[in-house]
Amino acid sequence: MLIDSHAHLTLSQFDDDREMVIQRAREAGLKHIITVGLDIEDCHKAIMLAEEYDFIFASVGIHPHDVKSIDTKTYSRLKRLSAHDKVVAIGEIGLDFYRNLSPRKIQFPRFREQLQLAREVSLPVIIHDREAHQETLKILQEERAETIGGVIHCFSGDLAMAKSCLDLGFYISIPGTITFKNSRDYQDLVRELPLNRLLLETDSPFLTPHPFRGKRNEPAYVYYTAKTVARVKNIDVAELADITTCNAQKLFGLFP
């Protein structure tokens with residue numbers, strides 16, 4: 001049984017058939033889905049969805065695109081939301097220098113503040129890092145993120161960064177991009193990573209794996225990512241599923 005450790009089931013792309021998408025995930029044998037909050041409104045939606053389905057859990061946080069909207073009430077709201085029994089992480093939080101939808105000078109302190117919130121509420125973090133590898137790693141090290149724990153979602157750094165994140169006790173999450181025909185370098189990277197620190201994700205509705213590339217992604221498609229990772233690691237898909245599921249359960253506290 002697989003776990004999709006990062007999806008966005010609350011987004012409008014699922015408004016027409018969300019229930020069917022979730023049913024297909026069940027039929028595909030997914031043990032859990034983590035639906036990840038992006039802003040305060042989205043965090044509320046994530047929790048409501050998690051309340052409706054026993055195998056769905058939520059994370060709460062402010063995405064770097066939206067940290068420019070953080071005000072004096074935001075962190076108290078996040079703290080209250082984080083106390084919900086279906087919330088398993090603070091995220092996704094981090095840095096995004098690709099779109100820069102929030103100014104970099106704002107992204108830096110907001111990232112640190114949300115790491116500090118995660119420590120305060122004793123939850124792991126889900127880290128967004130896009131074209132900000134060194135800056136992300138520097139902040140994680142300076143904020144002693146090894147005392148918090150978490151995962152680098154949709155990991156896109158190099159092997160040196162991966163090893164630094166592993167040294168902090170973090171997990172590395174692999175998305176559907178590993179299935180792309182031009183992903184040989186990424187596959188080579190994943191081949192070097194320890195199995196006991198890998199998670200699988202879809203980032204639904206984005207990053208759809210082959211053979212569905214170009215269509216909307218959904219949690220059931222995590223199988224195709226698992227299939228490719230298993231081939232890269234030269235193990236059976238069932239073994240990979242067992243290991244990555246155990247990893248996600250350990251990180252997010254999903255044991256019964």
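Every number here is computed from the coordinates shown, using simple stated rules; none is lab data. Here the structure is a predicted model, which means the values were calculated and not measured. Positions of Cβ are backbone-derived with ideal geometry, glycine not excepted, and every protein chain shown enters the neighbour counts.
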**Asked** Which distance in nm do the two modelled labels at Q249 and N196 give, with both placed 7 Å along the Cα-to-Cβ direction?
**Response** 1.6 nm
**Asked** List the aspartates and glutamates whose alpha-carbon lies under 16 Å from that of K105, not counting same-chain residues fewer than 8 positions away?
**Response** D66, D71, D96, E113, D129, E131, E135
**Asked** By its C-alpha gyration tensor, with a ≥ b ≥ c as the square roots of the eigenvalues, how is region 66-159 shaped: rounded for a/c under 1.5, else prolate for a/b larger than b/c, else oblate?
**Response** oblate
**Item:** For the chain, built as a Gaussian network whose Cα springs stay under 10 Å, the top-fluctuating residue of S122, S82, S204
**Value:** S122
**Item:** Sites K181 and S156 - FRET efficiency at Förster radius 25 Å, r taken between beta-carbons, to 0.05
**Value:** 0.90
**Fill in**
The size of the Cβ-based charge dipole (Lys, Arg +1; Asp, Glu -1) of the chain about the Cα centre, to the nearest 20 debye, is 360 debye
**Asked** Considering amide H positions built from the backbone, and no H for Pro or chain starts, which residues 5 or more places from T208, or on another chain, come under 5 Å of its amide H?
**Response** G214, N217
**Sorted by Cβ neighbour density within 10 Å, fewest at the top, the residues C246, C165, C154** = C246, C154, C165
**Item:** ³J(HN,Hα) computed for each position of region 10-23 - Karplus, 6.51 cos²θ - 1.76 cosθ + 1.60, integer Hz, glycine/proline x
**Value:** 7, 6, 5, 4, 9, 4, 7, 8, 4, 4, 5, 4, 5, 5
**Cut-off 14 Å (backbone N to label point 7 Å along Cα→Cβ of D188), residues of region 133-165** = 158-160
**Prompt:** In which sequence would D85, D203, D129 go, from the one with the fewest C-beta neighbours within 10 Å to the one with the most?
**Reply:** D85, D203, D129
**Asked** Can you list the residues, at least 5 places off or on another chain, whose amide H is less than 5 Å from the amide H of E201, using H built in the peptide plane?
**Response** S5, I174
**Message:** Once you keep just the Cα pairs under 8 angstrom separated by 6 or more residues, what percentage relative contact order results for region 2-252?
**Reply:** 19 percent
**Item:** Positive-end extreme of charge dipole, the chain - chosen from A220, S69, I34 (charges on Cβ)
**Value:** S69
**Message:** Classify region 112-222 from the C-alpha gyration tensor, please: rounded if a/c falls under 1.5, else prolate or oblate depending on whether a/b exceeds b/c.
**Reply:** prolate
**Complete:** Along region 175-183, Karplus-curve 3J(HN,Hα) (6.51, -1.76, 1.60; θ = phi - 60°) to the nearest Hz, with x for Gly and Pro, reads x, x, 4, 5, 7, 5, 5, 9, 9
**Request:** Quote the FRET efficiency, to the nearest 0.05, computed for K163 versus H44 with a Förster distance R0 of 35 Å and r equal to the Cβ-Cβ distance.
**Result:** 0.40
**Message:** As a quick test, which of the pairs K215/K250; K31/K250; K163/K233; K45/K215 have an alpha carbon distance above 21 angstrom in this structure?
**Reply:** K215/K250; K45/K215
